[in-house]
Amino acid sequence: MDLNLTGKVALVLASSSGLGKAIAKELAKEGANVMLTSRNEEKLAAAKKDIEKVAVGKVAYTVADITDAENIKNLVENTRSEFGPISVLVNNAGGPPGGTFEDFDDEDWQKAFDLTLFSFIRTIREVLPDLKKTGGHILNNTSSSVKQPIDGLTLSNVFRMGISGLSKSLSQELAADGILVNTIGPGRIETDRIVELDSKKAEKQNKTQEEVTEAMEKTIPLGRYGEPEEFAKVATFLVSGANTYLTGQTILVDGGMVKAY
Ligand SMILES: NC(=O)c1ccc[n+]([C@@H]2O[C@H](COP(=O)([O-])OP(=O)(O)OC[C@H]3O[C@@H](n4cnc5c(N)ncnc54)[C@H](OP(=O)(O)O)[C@@H]3O)[C@@H](O)[C@H]2O)c1
């Protein structure tokens with residue numbers, strides 16, 4: 001199958017590590033010119049170097065905090081001037097802090113909104129003029145919690161559903177412009193964040209991290225956490241030229257963990 005990504009311009013948010021980096025790597029391998037971004041220049045430089053080992057397309061980075069509107073404008077402008085009009089936008093962000101409803105005050109809710117949902121809204125608004133010219137794809141990364149809320153992750157559960165609503169609305173509104181909009185949701189994909197979450201849980205429960213991970217893996221029908229590359233391959237298909245008819249959908253990459261349809 002030809003993914004038809006050669007020379008396409010892709011902007012991947014939160015891509016210095018984890019899922020964002022894995023998606024950026026897969027896109028670059030398939031010939032797209034990829035703009036990486038995050039807050040940390042050192043991590044970005046290391047990610048660029050690693051991706052360039054396998055990249056067919058070009059790779060660049062821009063330092064940006066996606067909770068800041070000016071940073072987002074500058075990021076999109078830089079991507080255009082480096083590579084030309086953007087036709088692939090992958091929205092992704094760091095996860096909001098864990099906790100239950102009574103743990104959070106107004107500031108926590110505002111911060112989580114800015115990071116998890118408003119960053120996607122603002123970036124889409126900036127990139128839209130390009131997408132309207134080129135056609136293309138928007139992919140919003142969320143979580144398996146869009147189908148089944150996760151205990152102890154109230155902020156995430158709330159704002160991820162906002163992303164689902166945004167994606168579905170946009171898929172309707174932008175179809176006439178040839179823009180396909182989808183949502184992807186990881187279950188348990190082995191990134192630094194997941195390792196850190198398991199080790200915090202282990203500390204609380206007075207267990208080893210291996211014991212916590214093993215117990216989690218038992219809840220997954222495929223019996224293990226996913227690899228970032230496995231997740232990235234699905235994401236890459238969704239934003240590729242090979243995907244011409246799938247829009248407005250939520251695809252979970254979770255090894256069968258969530259039982260909801
Ligand atoms: N991994 C999973 O199985 C899983 C499951 C469910 C949901 N998710 C969600 O998927 C997303 C990515 O997860 P991950 O596992 O890849 O996490 P990760 O390894 O912690 O990576 C997060 C990325 O976000 C960047 N970032 C954080 N805050 C930022 C900001 N304000 N501005 C710009 N960049 C920012 C980080 O870069 P810098 O530190 O360099 O800024 C990093 O590149 C998260 O929202 C997570 O909650 C993941």
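The numbers here are math on the coordinates, done by the rules we state, and not lab data. Note that the coordinates shown come from a computational prediction; the quantities given were computed from them, not determined experimentally.
When the C-alpha to C-alpha distance is required to be over 20 Å, the pairs from LYS21/LYS53; LYS25/LYS168; LYS43/LYS201; LYS21/LYS233 that qualify are LYS25/LYS168; LYS43/LYS201.
Only helical DSSP H runs with n ≥ 4 go in: add -39500 (n - 2.57) per run for the chain, normalise by residue count and round the 222 nm mean residue ellipticity to 500 deg cm²/dmol. Only helices count here, giving -14000 deg cm²/dmol. What is the P(r) of the chain, as percent of Cα-Cα pairs per 10 Å bin from 0? Taking every Cα pair in the chain, the percentages come to 7, 31, 38, 20, 4, 0. Note on LYS58: aspartates and glutamates with a C-alpha under 16 Å away, same-chain residues under 8 apart excluded, are GLU26, GLU30, ASP50, GLU82. Ratio of region 41-185's C-alpha Rg to 2.2 N^0.38 Å, to two decimals? The value comes to 1.12. Taking the C-alpha atoms only, the angle from helix 192-205 to the longest principal axis of the chain is near 10 degrees. For region 12-58 versus region 80-111, the inter-centroid distance based on Cα atoms is 18 Å. Computed from Cα atoms, the angle from the helix 154-173 axis to the main principal axis of the chain rounds to 30 degrees. What the Cα convex hull of region 124-165 gives, in volume per residue, is 75 Å³.
Taking 4 °C and 1.567 mPa s as the conditions, I'd like the Stokes-Einstein D for region 108-261 in µm²/s, using the Kirkwood hydrodynamic radius from alpha carbon pairs.
The calculation lands on 77 µm²/s.
Extension gain, ASP2 to GLU77: 0.36 nm times the residue separation minus the Cα-Cα distance gives 24.1 nm.
Potential lengthening of the chain between ASP65 and ILE251 amounts to 64.3 nm, from the contour at 0.36 nm per residue minus the alpha-carbon distance.
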